[in-house]
1. Yes or no: B:E259 closer than 23 Å to B:L194 by Cα, more than 7 Å from chain A (Cβ to nearest Cβ), over 19 Å from the mean Cα position of the chain (by Cα) and not polar (S, T, N, Q)?
2. Taking the conditions exactly as written (in the same structural domain as A:A157 (by TED's automatic domain parsing), out of contact with any strand residue (DSSP E or B) (no Cβ under 8 Å at 6 or more places or on another chain) and without any contact (Cβ under 8 Å) to a residue 12 or more places away in the chain), does A:E85 satisfy them or not?
3. Restricting to region B:211-225, count the residues that are in contact (Cβ under 8 Å) with a residue 60 or more places away in the chain and more than 7 Å from chain A (Cβ to nearest Cβ).
4. Within region A:231-238, can one find any residue that is farther than 21 Å from A:D74 by Cβ, open to solvent by 20 Å² or more (accessible area, probe 1.4 Å), more than 7 Å from every other protein chain (Cβ to nearest Cβ) and outside any helix (DSSP H, G or I)?
5. Filter region A:124-144 for residues that are open to solvent by less than 10 Å² (accessible area, probe 1.4 Å) and not in a loop (DSSP other than H, G, I, E, B); which is nearest to A:S224 (Cα to Cα)?
6. Does A:A129 count as closer than 20 Å to B:F214 by Cα, of a type in the set (G, A, S) and modelled with pLDDT of 95 or more?
7. Pick from region A:112-141 the residues that are within 11 Å of chain B (Cβ to nearest Cβ) and among the β-branched types (V, I, T): which of them is nearest to A:D32 (Cα to Cα)?
8. Mind listing whichever residues of region A:155-210 are facing chain B (nearest Cβ under 7 Å), of a type in the set (A, V, I, L, M) and open to solvent by 10 Å² or more (accessible area, probe 1.4 Å)?
2 protein chains.
Amino acid sequence: MTITIVGVGLLGGSFALAVREKYPKATFVGVDASPVHGQLALAKGIVDQMKPLDEAVAVSTLVVLATPVNTILDLLPRVLDHLPEGATVTDLGSTKGLICQLADAHPKRAQFVAVHPMAGTENSGPGAAFRELLPGKNLIICDREKSRPDSLKLVEALFSDIGMKLFYMNPQEHDLHLAYVSHLSHISSFALGLTVLEKEKDEQAIFDMASTGFSSTVRLAKSSPQMWAPIFDQNRTNVSQALGDYIEFLKQFKVLIDEQNLKDSSEFMARANQIRRVLEGIDRK
Amino acid sequence: MTITIVGVGLLGGSFALAVREKYPKATFVGVDASPVHGQLALAKGIVDQMKPLDEAVAVSTLVVLATPVNTILDLLPRVLDHLPEGATVTDLGSTKGLICQLADAHPKRAQFVAVHPMAGTENSGPGAAFRELLPGKNLIICDREKSRPDSLKLVEALFSDIGMKLFYMNPQEHDLHLAYVSHLSHISSFALGLTVLEKEKDEQAIFDMASTGFSSTVRLAKSSPQMWAPIFDQNRTNVSQALGDYIEFLKQFKVLIDEQNLKDSSEFMARANQIRRVLEGIDRK
């Protein structure tokens, strides 16, 4: 089996490292726009060889698109065009609506399986990839009924074998949920980072006074703009709604503080405390 | 030396556990409004005995106020009133302006040392206390010139000896900085938790789809309203300003998303990425 990883970064690289361990006989081919990333992926044992896209696709059993989501839109039709009969393409993109819509328009739609692993870190590139990123995490598969049974089976087997738990939903549901439980977190962090940096011109002061709570809340502000700008754009209707809701709650809270309404501000926080149940579940995963 | 810890919770308890190790001969007395917390603090070895406040103060070398900040305002004048000649009182509150202002009005002001350890977790109570919370973290001391040299020296020695790094500033600077690097983080988390909980009535969906990024951003939403409502209230001018700035940045970002301005939204995130330098410093601490 030959698996081609297009985009040998955090997610593609971590997927390859995990699968290699379970499928030692599989050959891994890398495709990447950056020669430096290609070299690093080879050195780190993520892939066995680097190839140009069309050449790699021609010899693949499975092609994994692990680039930013705007590039997935560019590459998916081209990969399907050149995909051998019997081969499969999957994408790991954080949005599913536009990608699935584009796939639906292609005559070889059935050879495509749309997935999204619920895992990541604020770092990027092959240097950030690690084998333990995906095992134990959840995988969302969208529109499974539109994929050929053998393609679906191959993708399900690979992700199951590296220890992921599979969930199924349609792309619209996926994108709506993700706006709230992932995309909004990133925006809240980016804006928090910027608010603090603009105010605290003296970075030493932030450094001296910030605690681990600040560090944890603002961690995602380190995330890659190249990756996130197209995600927010592709999911802009849901993200804009989530962000609007968030701004409303912040404005409500500001009024409670300004009016010294400690009773209602305590009540606001007590309602937010309910997230503890959910987090205990996530942390156990 | 007899040290009285008023409020044997996360911060008071962690302080006692760290100091006990360095000063094995010191006696630790606990004061707490909750008998259950008192029992737990005794069982966990945080203190040697529990006593009523006035009785404990009368035999103390040092009294440490580690309650919510509204209670510190209630207790500080009373503790100063009853404090033996030669003894010292310090407070670990997250706000310093009102507390220092109140102290300034007391004839025994010089026996008071205002401090704030830059450490905490989202948990509370003696069960959450642990010896490693404070060592390696920073301590802010406010208005040191208003404290008697022997009182200041005792407090500095204790916190230094448990491995904290000491910084000095006035209460106004402290409260302004803290609004940005700590209080705002908590509000962003509380509001994020609430936004997600209100939208996702099905908590299983959050659980299945949220990644560690969400978990990290929303962690502080578990924090205690009893502790935080008075902090936001005492520091409301600065907190309201910080929150207003934050809402402005979020609104700007929403416009960029709505207008599909990927160039400027990328630029916004790239500016926020600068927080990486600061965080690398914090994580090294």
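1. no
2. yes
3. Matching residues across region B:211-225 total 2.
4. No, there is no match, as no residue in region A:231-238 is farther than 21 Å from A:D74 by Cβ, open to solvent by 20 Å² or more (accessible area, probe 1.4 Å), more than 7 Å from every other protein chain (Cβ to nearest Cβ) and outside any helix (DSSP H, G or I).
5. The qualifying residue nearest to A:S224 (Cα to Cα) is A:P126.
6. Working: closer than 20 Å to B:F214 by Cα: yes; of a type in the set (G, A, S): yes; modelled with pLDDT of 95 or more: yes.
Considered against the rule, which asks whether it is closer than 20 Å to B:F214 by Cα, of a type in the set (G, A, S) and modelled with pLDDT of 95 or more, A:A129 comes out as yes.
7. Once the filter is applied, the top-ranked residue is A:T121.
8. A:L197, A:A205
The values are calculated or read from the model by the stated rules, or taken from the named source; none is laboratory data. Worth saying up front: this structure is predicted, and the values here are computed from it rather than measured. Because the Cβ atoms are built from the backbone with ideal geometry, glycine has one as well, and the counts that use them run over all protein chains shown. To get the accessible areas, we keep the full protein, side chains included, count just its heavy atoms, and leave off ligands, DNA and RNA. Shrake-Rupley method; radii C 1.70, N 1.55, O 1.52, S 1.80 Å.
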